[in-house]
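First the structure, in the form of structure tokens, and then the observations on it.
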Amino acid sequence: MDSLNGISFFVQAAETRSFSKAGRILGVSSSAVGKSVCRLEERLGVRLFHRSTRSITLTAEGALFLERCRRILCEVEAAELELSETQQAPRGRLRISLPLVGMLVVPAITAFMRRYPAIELDVDFSDRLVDVIEEGFDVVVRTGQPTDSRLMSRPVGSYRLILVASPDYLARHGMPEVPADLECHACLQHKFPSTGKLEPWPLKGTEGAPEPTLPISMVCNTSAALMDVAVAGLGIACLPDFMVRRAIERGQLVSVLDAHVEHQGTFWLLWPSSKHLAPKLRVFIDFMVEALFAEKAVAPAKARATAPSF
């Protein structure tokens with residue numbers, strides 16, 4: 001049991017990068033955390049932290065040990081929950097990372113909180129590529145094909161990227177008929193927060209025609225801002241269908257070049273590989289698979305039906 005306490009103290013110190021912060025979370029003094037880590041280092045015969053007067057950072061051995069310790073604590077938690085809480089509602093803290101698409105995830109999150117009030121959510125909204133294990137997340141929602149062998153994955157739904165503009169913008173600048181027409185339009189472009197590179201528009205090329213060079217009227221690392229600018233009539237944006245669904249239904253936006261856009265993306269739930277899932281994590285995964293894409297995406301035909309003719 002003393003070994004488990006030492007591991008728990010070590011993990012909390014590693015995640016907070018502070019003995020004092022770890023102590024406040026664990027309800028003990030900072031010196032108790034420091035002494036526990038020292039005993040652990042003596043028993044292992046390695047230094048786990050680089051210490052300074054202002055902060056602590058993991059050594060290479062500490063980083064390796066941290067990954068194993070998280071798995072150990074996860075297994076202990078799962079075993080305890082299986083034995084003592086099989087008949088009770090799932091409970092406990094769940095640390096999750098979600099993409100910056102509030103209109104998609106927030107309704108599902110609020111519905112989950114109503115159904116499972118005993119589960120405390122610690123939510124990080126970010127479009128950056130987080131390290132699930134190193135940063136201590138229980139589960140994340142991300143796009144793109146999973147590649148990390150340390151993680152389990154489950155698809156939660158698909159989406160399309162579509163080009164949209166406001167009726168007012170199209171009335172002033174005309175409806176583009178082929179991708180080459182975009183060279184005469186204001187293009188609102190998204191850049192990836194992690195790399196700073198522009199997200200390419202999924203345009204199907206016309207045989208024999210060169211790929212159009214898209215003018216840049218605005219570059220932004222959040223899609224929500226691009227949608228607001230598009231609704232304001234300041235250009236054409238390439239956005240996920242779930243994000244613009246309501247704006248299209250209300251006539252604020254119109255899809256363009258549907259026949260020349262080809263895209264299919266998938267959202268995935270990713271979590272650290274383990275033999276057993278804690279009940280709080282299991283119900284979150286099942287709930288998000290059921291609720292995240294409960295509403296159907298806009299069909300291209302419906303979006304085109306709202307477009308004015310020019």
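Conditions (1) basic (Lys, Arg); (2) crowded, with 19+ Cβ neighbours inside 10 Å; (3) not in a helix (DSSP H, G or I), marked per residue:
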residue: 5; (1), (2), (3): no, no, no
residue: 9; (1), (2), (3): no, yes, no
residue: 22; (1), (2), (3): no, yes, no
residue: 57; (1), (2), (3): no, no, yes
Original post:
In this structure, does residue 142 turn out to be under 29 Å from residue 10 (Cβ atoms) and crowded, with 18+ Cβ neighbours inside 10 Å?
Top reply: yes
**OP:** Only residues that are closer than 15 Å to residue 159 by Cβ and in a loop (DSSP other than H, G, I, E, B): list them for the range 235-270, please.
**Re:** 262, 263, 264
Original post:
Can you name the strands (runs of 3 or more DSSP E) wholly within the range 93-193 that have at least 2 residues being over 16 Å from the mean Cα position of the chain (by Cα)?
Top reply: 119-125, 161-165, 187-190
**OP:** Could you grab me the full set of residues in the range 38-54 that are among the β-branched types (Val, Ile, Thr) and modelled with pLDDT under 90?
**Re:** 53
**OP:** Looking only at the range 42-57, count how many residues are within 17 Å of residue 6 (Cα to Cα) and in contact with a Leu (Cβ under 8 Å, 6 or more places away or on another chain).
**Re:** 2
Original post:
Which condition breaks for residue 180 when tested against (1) surrounded by 18 or more Cβ atoms within 10 Å (Cβ to Cβ); (2) modelled with pLDDT under 90; (3) more than 30 Å from residue 119 (Cα to Cα)?
Top reply: (1)
**OP:** Identify, by number, the condition in (1) surrounded by 13 or more Cβ atoms within 10 Å (Cβ to Cβ); (2) not in a strand (DSSP E or B) that residue 196 doesn't meet.
**Re:** (1)
Original post:
Any idea which residue in the range 259-273 is farthest from the chain's Cα centre (by Cα), counting only those that are closer than 25 Å to residue 163 by Cβ and among the aliphatic types (A, V, I, L, M)?
Top reply: 259
Original post:
Taking residue 53, is it out of contact with any His (no Cβ under 8 Å at 6 or more places or on another chain), exposed (fewer than 13 other Cβ atoms within 10 Å of the Cβ), within 30 Å of residue 224 (Cα to Cα) and free of Cβ contacts under 8 Å to residues at least 24 places away in the same chain?
Top reply: no
Original post:
Inside the range 97-118, can you point out the residues that are buried (at least 16 other Cβ atoms within 10 Å of the Cβ) and hydroxyl-bearing (Ser, Thr, Tyr)?
Top reply: 97, 116
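Conditions tested, residue by residue: (1) under 29 Å from the mean Cα position of the chain (by Cα); (2) surrounded by fewer than 14 Cβ atoms within 10 Å (Cβ to Cβ); (3) part of a strand (DSSP E or B).
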| site | (1), (2), (3) |
| --- | --- |
| 32 | no, no, no |
| 35 | no, no, no |
| 41 | no, no, no |
| 63 | yes, yes, no |
| 71 | yes, no, no |
| 74 | yes, no, no |
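The values are calculated or read from the model by the stated rules, or taken from the named source; none is laboratory data. In this text the structure is predicted, and so the values were computed from the model without any measurement. All Cβ positions, even for glycine, are placed from backbone atoms using ideal geometry, and neighbour counts span all protein chains on display.
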